[in-house]
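The values are calculated or read from the model by the stated rules, or taken from the named source; none is laboratory data. Keep in mind the model is a prediction, meaning the values are calculated, not measured. In this analysis, Cβ positions are derived from the backbone assuming ideal geometry, glycine residues included, and neighbour counts consider all displayed protein chains.
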Amino acid sequence: MSILKEEFPVEAMDFVTAGEASAQIKRLLKKLGVDAGVIRRLSIACYEAEINLVIHSDGGKLVLEVDSNEVTLISEDVGPGIPDIDLAMTEGYSTASEDVRMMGFGAGMGLANMARNADRFDISSKVGEGTTIKMYFSL
């Protein structure tokens, strides 16, 4: 049974509010009394997911689901999709524009950091439609 389910919209190319959804999610988990180590790992993965939504999609959302055994974080976007997921998972590989890189983003570590911090990680993508990433964190 779900204790909490909440959605957080993320706008494409909105670097002004980038990170706000991640901060809200972190505050919610603290209020629920989730272990600090889990919050730390989830916060890293969440921020990476949010920045990827801002940089690479046409907009999307983060969905937080909490139950008594697990926290699930889902990143869903509408956008170009990922043609080669294995390549995209390679540390340092990025399709970010030069403008985005000049702002300090797009280093190609997002997906790898998400996978590294989650207990379980699942990604699916369809070119021309979008990408869904599901990350699970055991409590």
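Based on this model, can you work out whether Ile51 counts as in contact with a Lys or Arg (Cβ under 8 Å, 6 or more places away or on another chain) and surrounded by 14 or more Cβ atoms within 10 Å (Cβ to Cβ)?
no
Among the residues of the stretch 35-69, what is the count of those that are in contact with a Leu (Cβ under 8 Å, 6 or more places away or on another chain), in contact (Cβ under 8 Å) with a residue 60 or more places away in the chain and not in a helix (DSSP H, G or I)?
The total comes to 7.
Does Glu70 fit the bill of being surrounded by 16 or more Cβ atoms within 10 Å (Cβ to Cβ), acidic (Asp, Glu) and at pLDDT 95 or above?
no
Where the second residue is not in a strand (DSSP E or B) and the first is free of Cβ contacts under 8 Å to residues at least 24 places away in the same chain and lies in the stretch 118-139, which pairs have Cβ atoms under 6 Å and are six or more apart or on separate chains?
Phe121/Ala115
Every residue, every condition in (1) under 22 Å from Met13 (Cα atoms); (2) at pLDDT below 95, yes or no:
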{"position": "Ile39", "(1), (2)": "no, no"}
{"position": "Ser43", "(1), (2)": "yes, no"}
{"position": "Cys46", "(1), (2)": "yes, no"}
{"position": "Leu53", "(1), (2)": "yes, no"}
{"position": "Lys61", "(1), (2)": "yes, no"}
{"position": "Val66", "(1), (2)": "no, no"}
{"position": "Ala96", "(1), (2)": "yes, yes"}
{"position": "Glu129", "(1), (2)": "yes, no"}
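Just give me the residues in the stretch 118-131 being closer than 15 Å to Met89 by Cβ and not charged (D, E, K, R), in sequence order.
Matches in the stretch 118-131: Ala118, Phe121, Ile123, Ser124, Ser125, Thr131.
Among the listed residues Ala96, Ala115, which satisfies the condition of being in contact with a helix residue (DSSP H, G or I) (Cβ under 6 Å, 6 or more places away or on another chain), under 20 Å from Ile44 (Cβ atoms) and buried (at least 17 other Cβ atoms within 10 Å of the Cβ)?
Only one candidate qualifies: Ala96.
Between a first residue in the stretch 81-105 that is without any contact (Cβ under 8 Å) to a residue 24 or more places away in the chain and a second residue that is surrounded by 14 or more Cβ atoms within 10 Å (Cβ to Cβ) and aromatic (Phe, Trp, Tyr), which pairs have beta carbons less than 8 Å apart while being 6 or more apart in sequence or on different chains?
Leu87/Tyr93
I'd like the residue in the stretch 15-36 that is closer than 18 Å to Glu76 by Cβ and in contact with a helix residue (DSSP H, G or I) (Cβ under 6 Å, 6 or more places away or on another chain) and, out of all such residues, is surrounded by the fewest Cβ atoms within 10 Å (Cβ to Cβ).
Within the stretch 15-36, the match that is surrounded by the fewest Cβ atoms within 10 Å (Cβ to Cβ) is Ala18.
Test Ala21 against the criterion of being assigned to a helix (DSSP H, G or I), farther than 22 Å from Gly92 by Cβ, touching a residue at least 12 places away in the same chain (Cβ under 8 Å) and of a type outside the set (Val, Ile, Thr), and give yes or no.
yes
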